[in-house]
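Enquirer: Quick one: the structure is below, questions incoming.
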Amino acid sequence: MNQTHAIRYTIQPCNPYAHLFEVRLEIDAPAPDGQVFQLPAWIPGSYMIRDFARNIIAVSARSNGQPVTVEKIDKHTWKCAPAAGPLTLHYEVYAWDLSVRTAHLDQTHAFYNGTSVFLLPRGYETAPCLVDIQPPAGEAYLDWRVATALKTESAPLYGFGQYRAANYDELIDSPVEMGAFTLAQFTACGVPHDVVITGRQRADLERLTRDMKTICEHHIRFFGEPAPFDRYVFLVMAVGQGYGGLEHRASTALLCSRDDLPLAHETEARESYRNFLGLVSHEYFHSWNVKRIKPEAFLPYDLFNENYTRQLWAFEGITSYYDDLGLVRSGLLTTGQYLEGLAKTITRVMQGPGRLKQSVAESSFDAWIKFYKADENTPNAVVNYYTKGTLIALALDLTLRTRTQGQHSLDDVMRALWTRHGQPLVGVPEGAIESLAAEISGLDLAPFFQEALYGTTDLPLTTLFAAVGVRLHQPDAGQPAKSALGVALAAGAEAKVQHAYSDGSAQRAGLSAGDEILAIDGMRVNSKSLTPLIESYPPGSHVEVYAFRRDELMRFDVTLQPAIPGYQLTVETDALPEAIALRTQWLSGA
Ligand code: ZN
């Protein structure tokens, strides 16, 4: 193909009230035996088949002024009848999912990921793309602007008009926000960064951009300047209640609660704001770890089928480890705040019975059908490769630091991954991170990785923390223990069981997910009063529980087990000098 822009798209919110985008796609040289078009079945970063084609409506094609027959040949594939000249495909996309993964359109804004709206003409995978982004028609939309990491062609910066992508992969990795958004800017290591906020909020933009700049500069310097992009865009959707993020090569889409954002005159960083900064840190770190340092299985992505990898523990777990570590190293968290968050992660992992049934390698491989398709049994059968992956990264880091007397760390492994795989864009084969860690440290790490990645026993965190002068303990252990029913309740006023944990008090007595608990020992309970009432009984007590299963009233004799106490991490001020030195190195990144 010798055209400058082999695929030309035009996208316009054609009916915001009906949540419809209109898309036109033109190519000059359709395949002689009939051009095939496909829409991805999933979006990189979120490992589940989502069948975005379900939202594609009214597909038609024309060539040289004549209609061309379009036939659907599988769930996400269309084939046009042979056409001699330029071919134009026309379709609508329904967009009413307020998540970072798909597309959303109403009279207040438009947001889309390319995976939801842009069909790929097969054979044009490497062709350059030109996108004409058009505003909705009408006076109500005159103040709308455009935010995206796509490069402008003829459009002014933040304006409507033509944008370009080097190929389809870049096109779908560059989400677009349109609307009357708030725009704040900062530079990090000389690179311009945009913070685009949609939704009603009163954020202190000065504080926000100052803290975000700190995070970005920290991560850029961690891997080494220059940053791997020449501009970066944060697309933030602020709502009443929400949380989520999806990483892209030069941008990220974030969903947060407006209360997570800092307000003017607030000097302390609230926990919810610290969590927001953690999300920013996480998605930004992904610019290196998963967007450029990629599993071999993702180069290239197969967008139409599951892409299996056993390495998500590394791409999500290591990223989750460095998100908060980056905050404490850059001074946005205190050591106490950092250790408190880490202890919460340890508690969460230790309270999940699924960790004893599934390894992180298995969880990663089966993410498509298990982790991303959570149901009532997930906590009992699935290990979370984000949280357990964080602890594996931590254990690996502390192992490297203590066994090499502070000479090597996970930081060195990440930088080597960057120079060997990220910069040259060479996929990371299964097992490569393990051998790289061994090569850098000179240690035999095979037993560690065998158990951590493919086993289900708990990591030796107490010993590892002790070596860096931090005590991991359960402060309530040994105290008169509280009782637990061993359930998680669903949201809502009723005490409805969402999960009954393996071998917990409730499951042993026959209570199940979906049961609505009505009374304990004759006293009515709801979702708020259940836990305090259960905790008021000493472990070993027998209680009578009444619950509805569907519409049938059932009675259960429950013997209460002790609750699993939460973990805490405490800095040992009187630790040995070498332990203190390792701890300082670890938490400062020096
Ligand atoms: Zn992530």
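The values are calculated or read from the model by the stated rules, or taken from the named source; none is laboratory data. Values in this document were obtained by computation on a predicted structure and should not be read as measured data. Every residue, glycine as well, gets a Cβ built from its backbone with ideal geometry; the counts of neighbours run over all protein chains shown. Calculation scope for accessible area: heavy atoms of the full protein, side chains included, ligands and nucleic acids excluded. Shrake-Rupley method; radii C 1.70, N 1.55, O 1.52, S 1.80 Å.
Enquirer: Does anyone have the angle between helix 577-588 and the longest principal axis of the chain? Alpha-carbon axes, 0 to 90°, nearest 10?
Expert: 30 degrees
Enquirer: Along the positive direction of the dipole of the chain (beta-carbon charges: Lys, Arg +1; Asp, Glu -1; about the Cα centre), which of Phe465, Gly514, His248 reaches farthest?
Expert: Positive-end residue among those listed: His248.
Enquirer: Only bridges whose two residues both fall in the chain count here: according to DSSP, what percent of them are antiparallel, nearest 5?
Expert: So the antiparallel bridges amount to about 80 percent of the total.
Enquirer: Give me the extension gain from Thr126 to Asp574: residue separation times 0.36 nm, minus the current Cα-Cα distance, reported in nm with one decimal.
Expert: Length gained between Thr126 and Asp574: 155.3 nm.
Enquirer: Quick one: what are the phi-derived ³J(HN,Hα) couplings along the range 396-401, Karplus 6.51/-1.76/1.60 with θ = phi - 60°, whole Hz, x for glycine and proline?
Expert: Those phi angles translate into 5, 4, 5, 4, 4, 5 Hz.
Enquirer: Largest first, how would Val93, Val68 line up by accessible area (1.4 Å probe)?
Expert: Val68, Val93
Enquirer: Using the alpha-carbon atoms, what tilt in degrees (0 to 90, nearest 10) does helix 205-223 show relative to the longest principal axis of the chain?
Expert: Long axis of 205-223 versus the principal axis of the chain: about 90 degrees.
Enquirer: For the full complex of protein chains and a 1.4 angstrom probe, list Ser330, Ser409 by accessible area with the highest value first.
Expert: Order by accessible area, largest first: Ser330, Ser409.
Enquirer: How much solvent-accessible surface does Phe186 expose, in Å² to the nearest 10, with a 1.4 Å probe and all protein chains in place?
Expert: Counting only protein heavy atoms, the figure is 20 Å².
Enquirer: Classify the chain from the C-alpha gyration tensor, please: rounded if a/c falls under 1.5, else prolate or oblate depending on whether a/b exceeds b/c.
Expert: It is prolate, given that a/c is not under 1.5 and a/b is the larger ratio.
Enquirer: Name the shape class, rounded, prolate or oblate, that the alpha-carbon gyration tensor gives for the range 274-428, where a ≥ b ≥ c are the square roots of its eigenvalues, rounded holds for a/c under 1.5, and otherwise prolate holds if a/b is larger than b/c and oblate otherwise.
Expert: oblate
Enquirer: Between 0 and 90 degrees, rounded to the nearest ten: what's the tilt of helix 432-441 against the longest Cα principal axis of the chain?
Expert: Between the helix axis and the principal axis of the chain, the angle is about 60 degrees.
Enquirer: Based on the alpha-carbon gyration tensor of the range 466-548 and its eigenvalue square roots a ≥ b ≥ c, which shape applies: rounded if a/c is under 1.5, prolate if not and a/b is larger than b/c, or oblate?
Expert: It is prolate, given that a/c is not under 1.5 and a/b is the larger ratio.
Enquirer: So for each of 317-324, 514-521, 139-146, 373-380 I average, over its residues, the number of other beta carbons within 10 Å; can you give me the resulting order with the highest mean first?
Expert: 317-324, 514-521, 373-380, 139-146
Enquirer: Just to confirm, what accessible area per residue do you get for the chain at 1.4 Å probe, in whole Å²?
Expert: Accessible area per residue: 42 Å².
Enquirer: Still on this structure, please answer the following. Compute the FRET efficiency between His265 and Met48 as 1/(1 + (r/R0)^6), taking r as their Cβ-Cβ distance and R0 = 25 Å, and round to the nearest 0.05.
Expert: Efficiency computed from Cβ-Cβ geometry: 0.05.
Enquirer: For the range 9-135, with only Lys/Arg (+1) and Asp/Glu (-1) charged at the beta-carbon, what is the dipole magnitude about the Cα centre, in debye rounded to 20?
Expert: Around 220 debye, computed over the range 9-135.
Enquirer: Next up: I'd like the accessible area for Met523: 1.4 Å probe, protein heavy atoms, all chains in place, Å² to the nearest 10.
Expert: 120 Å²
Enquirer: Stokes-Einstein diffusion coefficient for the range 289-354 at 25 °C in a medium of 0.890 mPa s, Rh from the Kirkwood formula over Cα pairs: what value in µm²/s?
Expert: 174 µm²/s
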